[in-house]
Structures are given as C-alpha cells and as structure tokens.
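Take a look at the structure set out below.
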Amino acid sequence: MSIPDISEALGQSLRRHRFVLRAQPGTPPGEETVHVTLDQGGETFHAGHLDHYLGLWSAFAVVRPHGVFRSDEVGRHESFEDAVLAVLMSFTHVE
C-alpha cells in the first residue's frame with residue numbers, strides 16, 4: 001500500500017516537527033491503515049493511525065499515552081489530509 005498524496009505544505013510541516021506517516025503492510029485493498037509516528041532522538045512515539053474503509057478515513061489519536069485505551073476516534077473524513085490533521089490536532093504527547 002502506498003500512502004496517499006498530501007500537500008507540500010503539510011509534508012514540510014510533518015518533517016519539520018518530526019512526524020512520519022507509515023503504511024501498515026499486509027492490509028487488504030480498500031482497507032488501508034496509515035500510522036502517524038513522532039521520531040524524537042532515537043525514540044519513536046505512536047501519535048495515532050488512520051483507517052480507510054468504505055471511502056472514508058477514520059482518524060484515531062493517542063489522547064491517553066499511559067492508559068489502557070490510549071486512542072480515541074477523532075473524526076471521519078473523505079480527505080486523507082483532513083484525517084492526518086485531525087490526528088495531529090488531537091494527539092497528546094507526554095514526555
């Protein structure tokens with residue numbers, strides 16, 4: 001699976017803040033999953049993920065880094081870029 005295209009501005013912002021989009025291998029066509037991770041000096045933090053199903057991207061963000069149920073659904077979007085933005089706006093990072 002390839003990661004859908006995003007605007008150059010969003011791509012630059014992701015790189016500047018050290019966020020990376022990673023496709024999950026082995027997902028069936030039409031049911032893609034993309035993980036949003038934050039790379040910080042050798043450590044990688046899971047910020048959330050995006051699930052594509054029936055034409056919509058469901059965005060899940062880590063809002064409780066140390067909880068049993070860490071992620072919450074933060075929206076469903078037709079646009080992949082809007083779903084990425086929803087994860088970034090809702091992600092809670094605690095060092």
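Solvent-accessible surface (1.4 Å probe) assigned to ASP51 amounts to roughly 40 Å².
In what order, largest first, do GLU73, GLU78 sit by accessible area if the probe radius is 1.4 Å? Let's see the in-between values first.
Working: GLU73 80, GLU78 160 Å².
Greatest to least solvent exposure: GLU78, GLU73.
In the chain, which trypsin sites (Lys or Arg not before Pro) are in a loop and have at most 15 other Cβ atoms within 10 Å, using DSSP for the loop call? The partial results should precede the final answer.
On the way: sites: ARG15, ARG16, ARG18, ARG22, ARG70, ARG76; in loops: ARG18, ARG70.
Here the sparse-neighbourhood loop sites are ARG18, ARG70.
Given R0 = 22 Å, the distance between the Cβ atoms of ASP39 and ASP72 translates into a calculated FRET efficiency of 0.45. Ordered from largest to smallest accessible area (heavy atoms of protein chains, 1.4 Å probe), the residues HIS17, HIS52 come out as HIS17, HIS52.
The order of SER13, SER2 by accessible area, most exposed first and with a 1.4 Å probe, is SER2, SER13.
To the nearest 20 debye, what charge dipole does the chain have about its Cα centre, counting +1 at the Cβ of each Lys and Arg and -1 at the Cβ of each Asp and Glu?
Details: 7 positive and 13 negative charges, 59 e Å.
In debye, rounded to 20, the chain gives about 280.
If the segment from ILE6 to GLU81 were pulled out straight at 0.36 nm per residue, it would be longer than the present Cα-Cα gap by 26.4 nm. Compared with the rule-of-thumb size 2.2 N^0.38 Å for a compact globular protein, segment 51-95 has a Cα radius of gyration ratio of 1.18.
Just the accessible area per residue of segment 19-95, please: how many Å² with a 1.4 Å probe? Before the final figure, lay out each step's value.
Details: 4420 Å² over 77 residues.
Result: 57 Å² per residue.
Helices in the chain, meaning DSSP H runs of at least 4 residues, each add -39500 (n - 2.57). Divided by all residues, the mean residue ellipticity at 222 nm is -6000 deg cm²/dmol.
The values are calculated or read from the model by the stated rules, or taken from the named source; none is laboratory data. None of these values were measured; they are calculated from a predicted model. Quick reminder, even Gly has a Cβ in these numbers, built from the backbone with ideal geometry, and neighbours come from all protein chains shown. Remember, those area values only see protein heavy atoms, side chains included, never the ligands or the DNA or RNA. Shrake-Rupley method; radii C 1.70, N 1.55, O 1.52, S 1.80 Å.
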